[in-house]
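Chemist: Before we start, here is the structure in question, set down as structure tokens.
The values are calculated or read from the model by the stated rules, or taken from the named source; none is laboratory data. Everything numeric in this text was worked out from a predicted model, so none of it was measured. Cβ atoms come from the backbone with ideal geometry, glycine included; neighbour counts cover every protein chain shown. Each accessible area value is taken on the protein alone, full model and side chains, heavy atoms only, with ligands, DNA and RNA left out. Shrake-Rupley method; radii C 1.70, N 1.55, O 1.52, S 1.80 Å.
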Amino acid sequence: MADVHKHLALHAVIQHMHRKASAVTYIDTHAGRGLYPLDAPETRKLAEYRQGVELLWKQQGEVSKNSLLKTWLASMAPLQQMGGDGGMTHYPGSPWWLVQGLRAQDRLHLYELHPGEHAHLGDQPLPDNAQRHHDDGLKGILRLMPVDTPRVCALIDPSYERKGEYVEVAETLHRLSRKARHAIALVWYPLLPAGHHHELLDRLRDTGMRKLWRSQLYWRSPETEARGMYGSGLLVFNPPWGLDARLDESLGIMLSCLPEEAGYQADWWVGE
């Protein structure tokens, strides 16, 4: 469900970027792979998709009443090797979503430092205006600035396996905002009982940055004794006009597919 939250927001931002013809440089700092077969051993081990995208896929009649969810689900349909039950067979990662939204005038930079994931990323065909980088995306995004297109849009979503990544992400976003103050950036973070995401949020607020919108989806209460991630967080720097309303509506509909204790909140972490 964390990927649903993140990729639905990315899909909405790409749609917004297409409203203007001017070129965009897209940057994915932690790209992973382009496509995930749901029958792969590593996917079957936890089968997290069953509590995420598959819930929406099975209830398309209901969730497709929302235009954003409808186009998001429809985009994935050609990837599925439909069997008798019409179930899902593949789920796309962020590189796939970004490539689908790439126009001839745009540019795309995909960063992946993990050797295995970078090898998988190499399996995804890319157009001539997209590049893979076997490199640290947090350093790479700053080296790219300034870009040679009028607009820039970045997705920053580390694994946060190291506690220090929360501070590194905050510092990177702050430096990006100074190098490209009109950039749009999406920063994903996990909601865990340890509460390390507060360090990211507080550090960003302390920098004096403005225009940071926050979106948080919960699939269980943080007060329970269960371990592991209880929700998904997303910060958007310079959110496009109307993004908040579109996500509020679509995620509100998504809640009908989740347990009763699930919830959603969105607000300005730091306003204008």
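Chemist: Answer yes if at least one residue in the stretch 171-188 is among the aromatic types (Phe, Trp, Tyr) and touching a Gly at 6+ places or on another chain (Cβ under 9 Å), and no otherwise.
Modeler: Scanning the stretch 171-188 turns up at least one residue that is among the aromatic types (Phe, Trp, Tyr) and touching a Gly at 6+ places or on another chain (Cβ under 9 Å).
Chemist: A further question follows. Taking the stretch 235-260 only, how many residues are over 24 Å from residue 60 (Cβ atoms) and either outside any loop (DSSP other than H, G, I, E, B) or open to solvent by 40 Å² or more (accessible area, probe 1.4 Å) (or both)?
Modeler: 5
Chemist: While we're on this one: Please enumerate the residues belonging to the stretch 156-173 that are among the small types (Gly, Ala, Ser) and either closer than 20 Å to residue 240 by Cβ or not in a loop (DSSP other than H, G, I, E, B) (or both).
Modeler: 170 - this is the single residue of the stretch 156-173 that is among the small types (Gly, Ala, Ser) and either closer than 20 Å to residue 240 by Cβ or not in a loop (DSSP other than H, G, I, E, B) (or both).
Chemist: Given the condition in a loop (DSSP other than H, G, I, E, B) and hydrophobic (A, V, I, L, M, F, W, C), answer yes or no: does some residue in the stretch 174-187 qualify?
Modeler: Yes, that holds for at least one residue.
Chemist: Has the stretch 101-118 got any residue that is of a type in the set (Asp, Glu) and not in a loop (DSSP other than H, G, I, E, B)?
Modeler: Within the stretch 101-118, one or more residues are of a type in the set (Asp, Glu) and not in a loop (DSSP other than H, G, I, E, B).
Chemist: I would also like to ask the following. Take the residues in the stretch 130-150 that are more than 19 Å from residue 32 (Cβ to Cβ) and touching a helix residue (DSSP H, G or I) at 6+ places or on another chain (Cβ under 7 Å); name whichever of them is surrounded by the fewest Cβ atoms within 10 Å (Cβ to Cβ).
Modeler: 146
Chemist: Has the stretch 243-265 got at least one residue that is aromatic (Phe, Trp, Tyr) and under 23 Å from residue 26 (Cβ atoms)?
Modeler: There is no residue in the stretch 243-265 that is aromatic (Phe, Trp, Tyr) and under 23 Å from residue 26 (Cβ atoms).
Chemist: Something else now. Looking only at the stretch 1-38, filter to residues that are open to solvent by 50 Å² or more (accessible area, probe 1.4 Å) and hydrophobic (A, V, I, L, M, F, W, C); which one of those is modelled with the lowest pLDDT?
Modeler: Result: 35.
Chemist: Taking the stretch 199-211 as the region of interest, how many residues are among the aliphatic types (A, V, I, L, M) and more than 18 Å from residue 160 (Cβ to Cβ)?
Modeler: 1
Chemist: Of the numbered conditions (1) at pLDDT below 95; (2) within 21 Å of residue 266 (Cβ to Cβ); (3) not hydrophobic (A, V, I, L, M, F, W, C), residue 162 satisfies every one except a single condition; which is it?
Modeler: Evaluating residue 162 over (1) at pLDDT below 95; (2) within 21 Å of residue 266 (Cβ to Cβ); (3) not hydrophobic (A, V, I, L, M, F, W, C) leaves (2) as the failure.
Chemist: Kindly indicate whether residue 59 is over 16 Å from the mean Cα position of the chain (by Cα) and surrounded by 17 or more Cβ atoms within 10 Å (Cβ to Cβ).
Modeler: Judged against the criteria, residue 59 is not a match.
Chemist: Hey, another quick one. What number of residues within the stretch 39-54 are surrounded by 13 or more Cβ atoms within 10 Å (Cβ to Cβ), of a type outside the set (D, E, K, R) and modelled with pLDDT under 90?
Modeler: Here the count works out to 4.
Chemist: I would also like to ask the following. When you go through 227, 203, 220 one by one, which is the residue that is outside any strand (DSSP E or B), of a type in the set (Lys, Arg) and open to solvent by less than 50 Å² (accessible area, probe 1.4 Å)?
Modeler: 220
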